[in-house]
Amino acid sequence: MPKTSVPKLSRRGFCLCCVGVASLGVAGGWLSPREAFAEAHQLVNMIRGAAAKANITTHKLRGNVFVLEGSGGNIAVFAGQQGKVMIDAGITATRPKIEKALNAIGKQPVTHLVNTHWHFDHADGNEWVHAAGAKIVAHENTKKRLMETQRVEDWDFSFPPSPAGAIPTETFSEDREVEYEGCKLHFVCYEAAHTDSDIGVHFVDQNILHTGDTYWNGIYPFIDYSTGGSIDGKIAACAKSLAIADNKTIVIPGHGAPVSNKSELKAFHDMLVAVRGNVARLKGKGMSVGEVAAARPTADFDKHWGQFVITPGLFTQLVYEGV
């Protein structure tokens, strides 16, 4: 199968799955995720290396909430008077630049770290953030996934158990309200969507919602079926987020441009619904995944959503697997 050149990775597109998928440059072409990632040798080391060179950009939102962009998933930070709360920890190789960005926000220590799910590009930094004094909080399935070897078939990669210092010590499995450093947070438990460990974090007073990887802004998303994800769960997660958000809510996606809103989130939800329907209809006719991809069920959305990480053909395969 012919290969195209790998495009330069931007901060906004950088994520755990980008290296392998970037080789699929032909819109509508199809290669299974496992085959794609098998082409990217030493995937995790490549991504760690890229993260070490990445710049961290800080976006100030409102009510002492910031977004750090550039280390895997988008990281949210609340700066209280006595301490900071982080949402996701990024990739360890980016630690010096994350620490510099945190210090620029304020000198108070990080007291709480919340993981939106277990994936490497969101939780790899857990150990050093914990060592600096933070308590790690997450869905109970994030703790489970981090404590055990995780095989992600679509990445053709097995992640070893995380070190003890990276494991969450406070877990939950239902929506809950907490207050850390004077900041009221609503933890939103989604049904299995991107993974089976997804949560959102709503900064109540600031009206800011971090959706984790249940929402990717402006790019087709990855769905990790190996650890419980599903296309139907992605749609349901977006619907739950839309029910929380209003027209003034700032929405922070897991990947993509880090400052979004309800309108863009709804467009993502509606795209998922439409593509799922198209793929299900074609699969229902007995068509193979290759035949469905060749029929271009994503064609109406490719110009907006299919220009970077997950190509139209690959996204079709991911949806096909779940319908």
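The values are calculated or read from the model by the stated rules, or taken from the named source; none is laboratory data. Model, not experiment: these values are computed from the prediction. Counting neighbours? That spans all protein chains shown, and the Cβs are built from the backbone with ideal geometry, glycine included.
Quick grid of which residues meet (1) touching a strand residue (DSSP E or B) at 6+ places or on another chain (Cβ under 6 Å); (2) in contact (Cβ under 8 Å) with a residue 40 or more places away in the chain; (3) within 17 Å of residue 142 (Cβ to Cβ); (4) of a type outside the set (Asp, Glu):
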| residue | (1), (2), (3), (4) |
| --- | --- |
| 197 | yes, yes, yes, yes |
| 205 | yes, yes, no, no |
| 216 | yes, yes, no, yes |
| 232 | no, yes, no, no |
| 247 | no, no, no, yes |
| 262 | no, no, no, yes |
| 270 | no, no, no, no |
Residue pairs meeting the criteria (Cβ under 9 Å; at least 6 apart or on separate chains; first at positive phi and surrounded by fewer than 18 Cβ atoms within 10 Å (Cβ to Cβ), in region 170-192; second modelled with pLDDT under 95 and assigned to a strand (DSSP E or B)): none
All but one of (1) without any contact (Cβ under 8 Å) to a residue 60 or more places away in the chain; (2) on the phi > 0 side of the Ramachandran plot; (3) not polar (S, T, N, Q) hold for residue 88, so report the exception by its number. (1)
Could you please find all residues in region 94-115 being in contact (Cβ under 8 Å) with a residue 40 or more places away in the chain, out of contact with any Ser or Thr (no Cβ under 8 Å at 6 or more places or on another chain) and surrounded by 24 or more Cβ atoms within 10 Å (Cβ to Cβ)? 114
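Please go through region 282-308 and give me each residue that is free of Cβ contacts under 8 Å to residues at least 12 places away in the same chain and basic (Lys, Arg), ordered by number. Steps first, answer last, please.
Taking region 282-308 as the starting set, the residues that turn out to be free of Cβ contacts under 8 Å to residues at least 12 places away in the same chain are 284-288, 291, 303.
Matches in region 282-308: 285, 303.
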Number of positions in region 146-166 that are touching a strand residue (DSSP E or B) at 6+ places or on another chain (Cβ under 8 Å), surrounded by 21 or more Cβ atoms within 10 Å (Cβ to Cβ) and charged (D, E, K, R): 0
Can you tell me which residues in region 116-136 are in contact with a Gly (Cβ under 6 Å, 6 or more places away or on another chain) and surrounded by 24 or more Cβ atoms within 10 Å (Cβ to Cβ)? 116, 117, 121, 122, 125
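Condition check ((1) part of a loop (DSSP other than H, G, I, E, B); (2) more than 24 Å from residue 181 (Cβ to Cβ); (3) modelled with pLDDT under 95; (4) of a type outside the set (Phe, Trp, Tyr)) across all residues:
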{"site": "27", "(1), (2), (3), (4)": "yes, yes, yes, yes"}
{"site": "31", "(1), (2), (3), (4)": "yes, yes, yes, yes"}
{"site": "41", "(1), (2), (3), (4)": "yes, yes, yes, yes"}
{"site": "63", "(1), (2), (3), (4)": "yes, no, no, yes"}
{"site": "72", "(1), (2), (3), (4)": "yes, no, yes, yes"}
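Only one of 251, 319, 259 is of a type outside the set (Gly, Ala, Ser) and under 19 Å from residue 232 (Cβ atoms); which? Outline the logic, then answer.
Numbers: 251 fails: under 19 Å from residue 232 (Cβ atoms); 259 fails: under 19 Å from residue 232 (Cβ atoms).
Every option except 319 fails the conditions.
Out of 277, 284, 322, report the one residue that is modelled with pLDDT of 95 or more and either buried (at least 20 other Cβ atoms within 10 Å of the Cβ) or in contact with a helix residue (DSSP H, G or I) (Cβ under 6 Å, 6 or more places away or on another chain) (or both).
Values: 277 fails: either buried (at least 20 other Cβ atoms within 10 Å of the Cβ) or in contact with a helix residue (DSSP H, G or I) (Cβ under 6 Å, 6 or more places away or on another chain) (or both); 284 fails: either buried (at least 20 other Cβ atoms within 10 Å of the Cβ) or in contact with a helix residue (DSSP H, G or I) (Cβ under 6 Å, 6 or more places away or on another chain) (or both).
Among 277, 284, 322, only 322 is modelled with pLDDT of 95 or more and either buried (at least 20 other Cβ atoms within 10 Å of the Cβ) or in contact with a helix residue (DSSP H, G or I) (Cβ under 6 Å, 6 or more places away or on another chain) (or both).
Looking at the structure I just gave you, is residue 142 assigned to a strand (DSSP E or B), modelled with pLDDT of 95 or more and within 23 Å of residue 203 (Cα to Cα)? Write out each step before concluding.
Values: assigned to a strand (DSSP E or B): no; modelled with pLDDT of 95 or more: yes; within 23 Å of residue 203 (Cα to Cα): yes.
For residue 142, the condition - assigned to a strand (DSSP E or B), modelled with pLDDT of 95 or more and within 23 Å of residue 203 (Cα to Cα) - is not met.
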Output the number of residues of region 287-312 satisfying the condition of being at pLDDT 95 or above and in a loop (DSSP other than H, G, I, E, B). 9
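Just give me the residues in region 69-82 being touching an Asp or Glu at 6+ places or on another chain (Cβ under 9 Å) and either surrounded by 19 or more Cβ atoms within 10 Å (Cβ to Cβ) or among the hydroxyl-bearing types (Ser, Thr, Tyr) (or both), in sequence order.
Start the filter on region 69-82 by keeping residues that are touching an Asp or Glu at 6+ places or on another chain (Cβ under 9 Å), which leaves 71-76, 78-82.
Passing the criteria: 71, 72, 73, 74, 75, 76, 78, 79.
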Within region 137-145, is even one residue surrounded by fewer than 24 Cβ atoms within 10 Å (Cβ to Cβ) and of a type in the set (Ser, Thr, Tyr)? no
